[in-house]
Amino acid sequence: MVVDEDLKKRAGRIKESLLQDRLREALELIKTQMADVTDWSILSRFEDIESSYSFMLQYFSQGSPDEHRTEVYRQLIRRALILNDDVLQARLQPESMLLYYQHLRSRLSRTENIEGIRLALESFVEIDDSAAHERNLELLFDLIWTNGQWSSGDSASLLELIDSPLVIEDDSVLVISAVTLSLMERFDPLKCLFLCQAAENLSMAVSIRALTGLAVALGSYNDIMPYFPEVSSRIALLQDAPGIMERMLKVQMALLLCRETKEIDRRMREEFIPTMLRNPKLGDLMREELERDDVSPDWKEWIEKPEVKDKLMQMTELQMEGADVYMSTFSHLKNHPFFRQIHNWFRVFSLDQPDVVRSLGETFSKSTIAKSMLSNGMFCNSDKYSFALTFSQIPQEQRDMITGQVDGEFQEDVQELKSGNLPADVKENYTARQYTQDLYRFFNLFSRRHEFRNPFDSNLNLLIDNPLSPLLQSEDSERAIAAWLLGKGYYDEAVSAYRLMESAAHPYSTDYRFYQQMGYALQRTQSYKEALEAYRRSDILQSDNNWTLRHSAQCLRILGQPLEALDLLLQAERNSADNLSLQIQIGDCLVDLKRYDEALTRFFKVDYLKPDYPKVWRAIAWCAFLAGRMDKAVEYYEKLLNAKPTGNDFLNAGHAYFVDGNIQHAVSLYRQSRKMMGEELFDKEFQKDQPLLIERGISEMDIPLLLDLI
């Protein structure tokens, strides 16, 4: 493996030299890399590139004019890029223990070809030759995956296969996944063009897999794409293909949702599942629910507990968004031998798959409950296989009992699935989401996943600076992506999306909400001046909007302009005098202006109208401290400390008691603050507040004594 890494690193240096137009240096490195390579075609191509470049240098040195020199040079770089990959593969092929090369050596020892397998797939009869069909799928996947640089014949053969009406759709989509995985192993313009062609296939599933394949593969080749303009041109043509841009948006949103999977997985393991299992009677209660229609009072009482209800609502919301909430559930069920075969990770789920039939048994696999549960669009194919294959661990008697008890309840669901009543748009969303989740599981759970580049570790926002960006440059796509990025807190990317829409004169950019959203994204990235400008434009489109006024005021305060901020807030107050949050914001502005009595008047008003509101207690306590009214400061800090205090609350309460002369209690509060905040943050915050303490009568010499007591 050390040799493998050395060869890969040298290949990386070669690529870097080529992209920096250091062709002579790259050729010297390729010559070193070619040690022990005996493939005559590789040696011949290297010599041809080297001699062509030598002639170019010779003509150039003689001052000979050549209007095609730039294009010829680019072609030499292109050829050298492909040769670099071929040389690396030739060096690794004989002995590398990487899975790819193990499968490559196995494939080279066989005599089967794509044409023969296509004929076998076209004549497949489910009942008679399922075992042979399984072998053909495995071999086909390997033939495609390990085929380095395609010829035009390879592309034509596979296009004929996926277009054949005699090949079932499930087999065709597996071809797309094999091409995708092969393209991720090394760049091949013909594979890119194949996926572009497949994206226009009449099969929706084939089309979506092809678009997804392009999305996950091309991102890592952004730097070399200028040398393969035919790929960019072919992608541009897809803009005119019916339905492609709408499907590309579905693929993009599915890929963006995968960003959340890791965090959702963590929350499922650390928050949701522990909360669900906290009641020791949960298992019994759930079993009771299967046996009767009415709701157990104990179950109802438990489920309505605030923390349980909150977690269930959060889970429901995540599911409705299309988030992947089942990764945690099924991640431990990928150890079945079925998942040791790489192609099985990319298969469409089928109840007729031999391993599934053996696991479920013919009776259960044909039951209504099995068809309903395993046809559910909420589960990806990989998880359906996990469920079905794990079911073999349940004794036959219990399987029959489950089938008999629950079978009738799922009749309606299955009839809907059979009738195909799901709208086309919903089917496409399901297909895109399921396939991205299948990919996510492979790249994160496959036993030898570390041998593959994980596309989900990269930024799969395709809207900007991506080969597929042209397919997302539509009014609906740009707005949907920008809204998602903003809503999920990816503010830098949201700013880029809004900037793109603005520069393209997107119709939405004439709406005041557009600049509100852009301003908010800029504000969250701490670009306060730019945010103010966006809010100003929003105000032009709709003046006197309270939200715009208040957020403009927030930026002005941070920029050190509290008086201007106060003017905007007082303007907003004329529209909604009863808004308590606005009253607090006005009070904060008055504090900045050191108009403490006016600020306290605002805060006390809120406290009167909304008792038990810690946010206003905090504001009153701090303002009273700044105003020198330590009695009020202490009173409200005590209320805060009896609620849910933060580390800063303990710190500020310590300040109040320190100034009030109660040193012992101040030290106690400071210690609790340091414990909550950590020593480094506590020291930083205390140092920042020292001038305030001195202004309120604390001797500068007393501060180090106090710190030593802490």
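The values are calculated or read from the model by the stated rules, or taken from the named source; none is laboratory data. What you are looking at is a predicted structure, and each value in this text was computed from that prediction instead of being measured. Note that we place each Cβ from the backbone using ideal geometry, even for glycine, and neighbour counts take in every protein chain shown. Heads up: the accessible areas ignore ligands, DNA and RNA and are worked out on the full protein's heavy atoms, side chains in. Shrake-Rupley method; radii C 1.70, N 1.55, O 1.52, S 1.80 Å.
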Next item on the list: Determine the dipole magnitude for the chain: charges of +1 sit on the beta-carbon of Lys and Arg, -1 on that of Asp and Glu, nothing else is charged, the reference point is the Cα centre, and the result goes in debye to the nearest 20.
Entry: 1380
Margin query: Taking every pair of distinct Cα atoms and averaging 1/r, then inverting, what Kirkwood hydrodynamic radius in Å comes out for region 424-514?
Written below: 15.1
Note to self: At 222 nm, what value in deg cm²/dmol follows for the chain if DSSP H runs of at least 4 each add -39500 (n - 2.57) and the sum is divided by all its residues, to the nearest 500?
What the structure shows: -22000 deg cm²/dmol
Check: So, by mean Cβ neighbours within 10 angstrom, what's the order for 607-615, 576-584 with the highest one leading?
Finding: 576-584, 607-615
Note to self: Using Cα-Cα distances under 8 Å and only pairs 6 or more residues apart, what relative contact order does region 103-253 have, in percent?
What the structure shows: 20
Item checked: Ellipsoid equivalent to region 14-123 - semi-axes via the Cα gyration tensor, in Å -> 36, 18, 12
Checklist line | Radius, Kirkwood style, for region 572-624 when every pair of distinct Cα atoms is counted (Å) | finding: 10.8
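Using a 1.4 angstrom probe on the protein heavy atoms only, could you order 95, 138 from most to least accessible area?
The residues order as 95, 138, largest area first.
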Next item on the list: Please give, to one decimal in nm, the separation of the simple spin-label points placed at residue 574 and residue 47, each 7 Å out from Cα toward the Cβ.
Entry: 8.7
Check: Where q = 0.18 Å⁻¹, what log10 of I(q)/I(0) comes from the Debye formula for region 164-252, counting one point per Cα?
Finding: -0.75
Check: Going down the list 615/644; 8/31; 9/31; 250/384, which pairs span over 18 Å between their C-alpha atoms?
Finding: 250/384
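For the chain, what does the accessible surface come to per residue with a 1.4 Å probe? Please give it in Å².
49
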Note to self: Can you give the FRET efficiency to the nearest 0.05 for residue 22 and residue 488, using r as the Cβ-Cβ distance and R₀ = 45 Å?
What the structure shows: 0.65
Next item on the list: Compute the distance in nm between two label points, each set 7 Å from the Cα along the Cα-to-Cβ direction, one at residue 72 and one at residue 639.
Entry: 8.5
Item checked: Listed residues 672, 214, 104: farthest to the positive end of the dipole of the chain (Cβ charges) -> 672
Next item on the list: Please give the contour-minus-distance gain from residue 692 to residue 122: 0.36 nm per residue of separation, less the Cα-Cα distance, rounded to one decimal in nm.
Entry: 196.9 nm
Checklist line | Of 187, 426, 131, farthest towards positive along the dipole that unit charges on Lys, Arg, Asp, Glu beta carbons give the chain | finding: 187
Checklist line | Relative packing of peptides 645-652, 248-255 - highest average C-beta neighbours within 10 Å first | finding: 248-255, 645-652
Margin query: Counting C-alpha atoms alone, how compact is the chain: give Rg to one decimal and Dmax as a whole number, in angstrom.
Written below: 32.7, 95
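Rounded to a whole number, what is D in µm²/s for region 73-225 from Stokes-Einstein with the Kirkwood radius over alpha-carbon pairs (20 °C, 1.002 mPa s)?
Value of D from the Cα-based Kirkwood radius: 132 µm²/s.
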Next item on the list: Mind ranking 594, 639 by accessible surface for me, highest first, 1.4 Å probe?
Entry: 594, 639
Check: What's the long-distance tail for region 615-710, i.e. % of Cα pairs beyond 22 Å?
Finding: 18
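Going by average Cβ density within 10 Å per residue, which order do the peptides 241-247, 553-559, 140-146, 51-57 take, highest to lowest?
So the peptides 241-247, 553-559, 140-146, 51-57, ranked by packing, come out 140-146, 553-559, 241-247, 51-57.
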Checklist line | Net lengthening on full extension, residue 547/residue 36 (0.36 nm per residue, minus Cα-Cα) | finding: 177.0 nm
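What does the charge dipole of region 179-268 about its Cα centre add up to, to the nearest 20 debye, if the Cβ of each Lys and Arg holds +1 and the Cβ of each Asp and Glu holds -1? Present the calculation step by step, with values, prior to reporting the outcome.
On the way: 10 positive and 10 negative charges, 60 e Å.
Its charge dipole is roughly 300 debye.
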Margin query: From zero outward in steps of 5 Å, how is the percent of C-alpha pairs of region 168-210 spread across the bins?
Written below: 5, 26, 35, 21, 10, 2
Next item on the list: Rank these by accessible area, largest first, 1.4 Å probe: 191, 644.
Entry: 644, 191
Check: Relative to the present Cα-Cα distance, how much length would full extension add between residue 681 and residue 394 at 0.36 nm per residue of separation?
Finding: 97.9 nm
Check: Lys/Arg Cβ at +1, Asp/Glu Cβ at -1, dipole of the chain taken about the Cα centre: which of 608, 587, 251 is farthest positive-ward?
Finding: 587
